Structures are given as C-alpha cells and as structure tokens.
C-alpha cells in the first residue's frame, strides 16, 4: 500500500463544472481503456455526456490535482437526472428516486491509486451530498466481468472491494446494461450491477 500522496481537491458545482469538462474527458479517455471497462471512447461523445453534470441541479465534480495536473476525479448527480434505463433498475426497489444520489466516477491515474485518495474523495463527496439535505441513499454501478476474462490483469483488484470496505452493499436485482465499443473496436453490451449506501 502506497502512502498518502500530497494532492489538492477542488469541489465544483453548477456552471463551474463546465470549466472542468475537458480535464474529465481526458481522464476518462485515458483510464477507461483499462480493464474492466476496456472502453474505446471519442472526445466529442465524452464532452456531450459530461455536459449533463454542468446542467443537472445538485450535480458535483471533485477534481484531485498534483500541482497543475488533474490526476483524479469523483463525479455525481441525483439519480433522477440519469437516463431511463438507470431509473428502471430501481423500479422494484424501496428507494424513492428523488432521494438517491448517483456516483458516476471515482477515477485516478495509476500512480495515485491505493494510497487513500479514493476514500478521501468519497468522504468529501458524501459530506457535500449530505449538506444538500435531500438525499438519503448513495448508489453506483459496476461493470460485471467473468473472473476468467482473458484481459483481466493478474494483479487486478476489483472496485467491489473498495465499495464493500466503504459501506456499499450490492443491491440484489438492480441491474442495467450499456453498450460501448471496446478497445478491439467491437461494440458489446455490458451488464452493470448497482450498489447502495445509506447516508442517514
């Protein structure tokens, strides 16, 4: 386990998020080709998607930086501002949609992983969400891959370990799927599993 690195964190909300979209798109395009996403994206698509954070009420972005370089980020918005297939996954659950807050990303460049930054950004994100006074449940979604996937690194540590350690639990029956182009150029459908955490 690496020691905590000296970084800065900046919380952005509302129109201020727009200034961070290019840095966020770069992070996603650099990191998501890695397992388990294996995602081959285009900058224009990334910027279009990320613009929803600048427009959605109560959305937020936390940028982690090392001097002038953005090395990580956490993003989130109320679940009700996500698309229909995300909302449908919660249709059979007891959670009121307007009280659920969705964590979109928690990303770090490789040199800044496993040193406590994930916990630090998640804590700050949760503190901000609680301060809004409208949300009782935190949720996120993980891509499901078989353990014997040929591109799974030998030293791969699944994000689910971090989620379980930080109080998230797997929400049984709450799943969705998204199609994206993988690094081999082929579009595939990807099952996604929701996790939840009680904020109260």
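Below are the figures for this structure:
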read-out: Number of positions in segment 1-50 that are closer than 21 Å to residue 66 by Cβ, touching a helix residue (DSSP H, G or I) at 6+ places or on another chain (Cβ under 8 Å) and free of Cβ contacts under 8 Å to residues at least 40 places away in the same chain; value: 4
read-out: Any pair with Cβ under 7 angstrom, 6 or more apart, that starts in segment 126-139 at a residue that is closer than 11 Å to residue 77 by Cα and ends at one that is in a helix (DSSP H, G or I) and modelled with pLDDT of 95 or more; value: 135/99; 135/129; 138/126; 138/129; 139/79
read-out: Selection within segment 143-178 - in contact with a strand residue (DSSP E or B) (Cβ under 8 Å, 6 or more places away or on another chain), under 11 Å from residue 194 (Cα atoms) and touching a residue at least 40 places away in the same chain (Cβ under 8 Å); value: 143, 144, 171, 174, 175, 176, 177
read-out: In segment 32-73, the residues that are closer than 12 Å to residue 183 by Cα and touching a strand residue (DSSP E or B) at 6+ places or on another chain (Cβ under 7 Å); value: 32, 33, 36, 37, 38, 39, 40
read-out: Residue in segment 134-142 that is farther than 25 Å from residue 35 by Cα, outside any loop (DSSP other than H, G, I, E, B) and touching a strand residue (DSSP E or B) at 6+ places or on another chain (Cβ under 8 Å) present; value: yes
read-out: Of residues in segment 53-73 being out of contact with any helix residue (DSSP H, G or I) (no Cβ under 7 Å at 6 or more places or on another chain) and free of Cβ contacts under 8 Å to residues at least 60 places away in the same chain, the one surrounded by the most Cβ atoms within 10 Å (Cβ to Cβ); value: 65
read-out: Of all residues in segment 75-96 being surrounded by 15 or more Cβ atoms within 10 Å (Cβ to Cβ) and closer than 30 Å to residue 185 by Cβ, the one that is modelled with the highest pLDDT; value: 75
read-out: Residues that are assigned to a loop (DSSP other than H, G, I, E, B) and either more than 16 Å from the chain's Cα centre (by Cα) or in contact (Cβ under 8 Å) with a residue 24 or more places away in the chain (or both), drawn from segment 75-110; value: 89, 90, 91, 92, 93, 94, 95, 96, 109
read-out: Top-ranked residue of segment 97-112 - restricted to ones that are modelled with pLDDT under 95 and surrounded by fewer than 15 Cβ atoms within 10 Å (Cβ to Cβ), ranked as farthest from residue 25 (Cα to Cα); value: 111
read-out: Filter result for residue 6 (surrounded by fewer than 15 Cβ atoms within 10 Å (Cβ to Cβ), part of a loop (DSSP other than H, G, I, E, B) and more than 16 Å from the chain's Cα centre (by Cα)); value: yes
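Okay, residues lined up against (1) in a strand (DSSP E or B); (2) closer than 26 Å to residue 30 by Cα; (3) modelled with pLDDT of 95 or more:
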| residue | (1), (2), (3) |
| --- | --- |
| 163 | no, yes, yes |
| 167 | no, no, yes |
| 171 | yes, no, yes |
| 181 | yes, yes, yes |
| 184 | no, yes, yes |
| 188 | yes, yes, yes |
| 191 | yes, yes, yes |
| 195 | yes, yes, yes |
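The values are calculated or read from the model by the stated rules, or taken from the named source; none is laboratory data. Computed from a prediction, not measured in an experiment: that's the story for all the values here. All Cβ positions, even for glycine, are placed from backbone atoms using ideal geometry, and neighbour counts span all protein chains on display.
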